[in-house]
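One structure is given here, and the rest of the page talks about it.
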Amino acid sequence: MTNIQITNADPTAIEADLLVAHLSKDGVNIDIEGVSDAVAAVDAKAKFGSKTLLPGTGTKARTIALIGTEGDELLARRAVSLSNGIEMEGTGRDRHLAAIATRGSKAKSIVLAGTFETFEQVVQSGVGAILGSYKFTKYGHEDEAGLDELVICVPETLSADGAAERISVLADSMITIMNLVNRAPNDLYPESFTNFTREVVADLPIDMDVWDEAKLEAENCGGILNVGRGSKRGPRLVKLSYAPEGASTTISLIGKGITFDSGGLSLKPPKSMETMKSDMTGAATVLATTLALAKLGVKVRVDAYMALAENMPGGGAQRPSDVIMMRGGKSVEVLNTDAEGRLVMADALALAAETDTDAIVDIATLTGAQMVGLGARTAGVMGTADVRDAIVESADRSGEAMWAAPLPSYLLESIESDVADLANSGTRWGGMLVAGVFLQEFVGDKAWAHIDIAGPSFNDGKPWGANNKGATGMSLLTLVNWAESLA
């Protein structure tokens with residue numbers, strides 16, 4: 001765990017492996033003797049995200065990293081709330097800048113000398129610096145220790161009380177997601193995911209309940225049960241409950257936990273399976289969000305449901321045209337076994353809808369259509385207008401790209417079935433929305449939002465901003481911000 005210090009000290013007087021400063025068209029944001037000449041000599045760029053490394057001459061650091069701050073091409077996007085027309089500007093610049101500064105560095109001690117005007121900028125920068133330093137330890141190798149020491153220098157006029165603890169909790173929670181998602185699927189499956197969860201909640205005020213196959217069958221959770229039938233490693237439903245004293249609001253978080261998705265008998269092409277260990281990101285996010293809220297002591301009751309299964313084409317696998325009975329009594333005709341995420345989510349949604357929860361939010365790597373419609377960096381948010389828009393507003397405050405989308409009622413016609421209440425697959429047009437319309441059938445009259453993170457949760461290209469290659473941890477900051485807004 002990184003030791004984090006917030007100080008008013010002169011950053012050039014602190015011993016460190018790396019000193020991070022900002023470079024704009026007006027020059028470097030801190031006074032370092034000789035640095036202006038060095039900037040001119042190497043023609044350092046001030047464009048947003050550009051990184052120039054210089055010797056630490058004039059400081060007590062071994063190396064200086066100058067990060068360009070001009071423009072925001074990396075983050076250029078505008079999110080529009082469809083319900084109220086409010087236009088919201090993207091944020092999170094400081095998180096991305098800090099991550100760019102630390103990525104690829106072997107520094108164990110880092111000093112951040114950013115241009116800080118708000119508490120949130122300090123937090124975003126600290127989280128970014130830790131994320132940029134993240135490395136997943138390769139199997140068969142010794143654990144690679146991450147960043148040991150992070151010092152953030154802020155002006156005396158800025159109060160940053162509590163920033164160090166908040167940075168630690170948020171960064172560690174995002175790394176929990178990243179470590180789980182980056183694990184190999186032969187190492188992470190429903191039972192091992194459950195065991196990991198039991199370990200990380202043991203010392204926190206979080207209760208845990210686990211339903212195995214026998215319990216799932218007894219409780220009529222046909223979606224989770226049938227998706228997992230093709231694997232030798234059985235499914236699980238894990239429920240976490242965090243109930244702080246004084247909480248007046250209850251939220252339910254639902255996470256899709258397909259630990260590997262082969263597509264089942266509706267088999268995916270081999271290339272499409274290569275990143276399907278990431279199909280449990282929703283469950284990892286729900287777990288990490290609950291951990292973060294408990295560690296921060298947020299006064300909101302949380303009931304979190306992780307629907308865990310491995311979707312394999314074994315001899316017991318469900319078949320196209322099978323009809324399964326779901327929690328709550330609805331029947332579903334399975335037309336495509338690769339549309340399995342909505343089946344496991346539906347059971348968990350129905351369970352949450354039976355409680356007196358104030359709002360339900362589910363999060364899932366649900367559809368390839370999300371990436372077709374919104375690209376690889378923007379999540380789609382659907383559901384009840386007030387919850388949907390609150391999530392998008394929290395995303396904007398947290399610097400995570402999410403877009404409010406509708407759920408047209410006519411799409412329900414495309415998932416009608418001749419033999420069941422619903423089919424699990426419908427028209428390809430608006431596929432992200434079709435999946436949302438299916439899920440909507442299981443939430444009853446509860447306030448609800450569905451977040452499809454299929455693209456932004458896993459980066460199979462080169463790193464960008466605060467997003468490493470592989471798992472990104474995207475959406476945790478949004479969910480924590482939303483929960484805190486209800487406290």
How much of Arg377 can a 1.4 Å solvent probe reach, expressed as accessible area in Å² and rounded to 10?
-> 110 Å²
Report which label in [x] 129; [y] 146; [z] 198 holds the value of volume of the Cα convex hull per residue in Å³ derived from the coordinates of this structure.
-> [y]
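Would you kindly state how much longer the chain becomes between Lys232 and Tyr410 on full extension, computed as 0.36 nm times their sequence separation minus their alpha carbon distance, in nm to one decimal?
Details: separation 178, 0.36 × 178 = 64.08 nm, distance 3.91 nm.
Going from the current span to full extension adds 60.2 nm.
Return the FRET efficiency for the residue pair Phe119, Asp143: r is the Cβ-Cβ distance, R0 is 25 Å, and the value is rounded to the nearest 0.05.
On the way: r = 33 Å, r/R0 = 1.31.
E(calc), rounded to 0.05, equals 0.15.
For Ser331 and Lys462, compute 0.36 nm times the residue count separating them, minus their Cα-Cα distance, and round to one decimal in nm.
Values: separation 131, 0.36 × 131 = 47.16 nm, distance 4.29 nm.
Gain in length upon complete extension: 42.9 nm.
By DSSP, what percent of the beta bridges with both residues in the chain are antiparallel, rounded to the nearest 5? Let's see the in-between values first.
Working: 34 of 81 bridges.
Around 40 percent antiparallel, to the nearest 5.
By how many nm would the segment from Asn3 to Asp421 grow when fully extended, if each residue of separation counts as 0.36 nm and the alpha-carbon distance is taken off? Please report the intermediate quantities before stating the final value.
On the way: separation 418, 0.36 × 418 = 150.48 nm, distance 5.47 nm.
Separation in residues times 0.36 nm, less the Cα-Cα distance, equals 145.0 nm.
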Around Val111, which amide H atoms from residues at least 5 apart in sequence, or from another chain, sit under 5 Å from its own amide H, with H modelled in the peptide plane?
-> Leu18, Leu19, Val20, Val151
Relative to the longest principal Cα axis of the chain, at what angle does helix 341-353 sit, 0 to 90 degrees, rounded to 10?
-> 90 degrees
Taking a crude spin-label model, label points 7 Å out from Cα along the C-beta direction, the Ala487 to Ala41 distance in nm is 4.9 nm
Once the Cβ-Cβ distance between Leu267 and Ala247 is put in as r, and R0 is 41 Å, what FRET efficiency do you end up with, to the nearest 0.05?
-> 0.35
Under a 5 Å amide H to amide H cut-off, with H placed in plane at 1.01 Å, what residues pair with Lys446 once short-range neighbours are removed?
-> none
Cross-link pairs Lys25/Lys60; Lys51/Lys135; Lys45/Lys138; Lys47/Lys106 - those with Cα-Cα distance over 28 Å | Lys45/Lys138
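Of all the accessible heavy-atom surface of the stretch 174-232, with the other protein chains kept in place and a 1.4 Å probe, what percent is carbon and sulfur? Write out the running numbers ahead of the final one.
Values: 1140 of 2750 Å².
The value for the stretch 174-232 is 41 percent carbon and sulfur by accessible area.
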Give the angle, between 0 and 90 degrees and rounded to the nearest 10, that separates the Cα long axis of helix 431-440 from the longest principal axis of the Cα atoms of the chain.
-> 60 degrees
FRET E, pair Glu156, Glu33, Förster distance 25 Å, beta-carbon r, rounded to 0.05 = 0.65
If you roll a 1.4 Å probe over the heavy atoms of the protein chains, what accessible area per residue do you get for the stretch 269-311, in Å²?
-> 26 Å²
Can you give the relative contact order of the chain as a percent, counting alpha carbon pairs under 8 Å and 6+ residues apart?
-> 16 percent
With Arg233 itself left out, Lys, Arg at +1 and Asp, Glu at -1 over residues whose Cβ is under 9 Å from its Cβ give -1
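At 1.4 Å probe size, with the rest of the protein present, what percent of the exposed accessible area of the stretch 105-159 is carbon and sulfur atoms? Don't jump to the answer; show the numbers that get you there.
Working: 1400 of 2700 Å².
Carbon-and-sulfur percentage of accessible area, whole number: 52.
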Most to least packed among 100-108, 288-296 [average Cβ atoms within 10 Å] | 288-296, 100-108
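If you roll a 1.4 Å probe over the stretch 322-362 with all protein chains in place, what percent of the accessible area is carbon or sulfur?
Details: 480 of 1140 Å².
C and S fraction of accessible area: 42 percent.
For the stretch 329-487, what does the accessible surface come to per residue with a 1.4 Å probe? Please give it in Å².
Numbers: 5320 Å² over 159 residues.
Roughly 33 Å² per residue, with all protein chains present.
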Using only Cα atoms, tell me the angle between helix 163-182 and the longest principal axis of the chain; keep it within 0 to 90° and round to the nearest 10.
-> 50 degrees
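The values are calculated or read from the model by the stated rules, or taken from the named source; none is laboratory data. Values in this document were obtained by computation on a predicted structure and should not be read as measured data. For neighbour counting, all protein chains shown are included, and Cβ atoms are generated from backbone atoms with ideal geometry for every residue, glycine included. In case anyone asks, the SASA skips ligands and DNA or RNA and just uses the protein heavy atoms, side chains included. Shrake-Rupley method; radii C 1.70, N 1.55, O 1.52, S 1.80 Å.
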